[in-house]
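Remarks on the structure that follows.
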Amino acid sequence: MNTSSNHLILLALLLAVVALFCILIAAAAGLLARIDGATYATALLRSAVAFAGSATLSLALLTFVLAAL
């Protein structure tokens, strides 16, 4: 496995993009739940589930892509 500094920087940037993507998904899910009439606790729970799901799928895809390289 090549662990040059360019690859590590690229991996760090990709993880940052994944984290921002997951935060945006979670915020949208919480906002939509709150607009739908859910309580704050329920909206927070729905946003947490959306964050966990999107993080799982995004990191699985990132792992697949990095393994293919």
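Quick look at the values:
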quantity	calculated
Per residue solvent-accessible surface (Å²) - the chain, probe of 1.4 Å	76
Percent carbon-and-sulfur accessible area, the chain, ignoring ligands, DNA and RNA, probe 1.4 Å	79
Principal-axis tilt of helix 5-35 within the chain, Cα atoms, nearest 10 degrees	10
Percent of C-alpha pairs per 5 Å bin, the chain, short to long	3, 18, 20, 18, 12, 10, 8, 5, 4, 1, 0
On Cα atoms only, tilt of 40-68 relative to the major axis of the chain in degrees	20
Percentage relative contact order, the chain, counting C-alpha pairs under 8 Å, at least six apart	32
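The values are calculated or read from the model by the stated rules, or taken from the named source; none is laboratory data. These numbers were taken from a predicted model, which means no experiment stands behind them. With ligands, DNA and RNA removed, areas are computed over all heavy atoms of the protein, side chains included. Shrake-Rupley method; radii C 1.70, N 1.55, O 1.52, S 1.80 Å.
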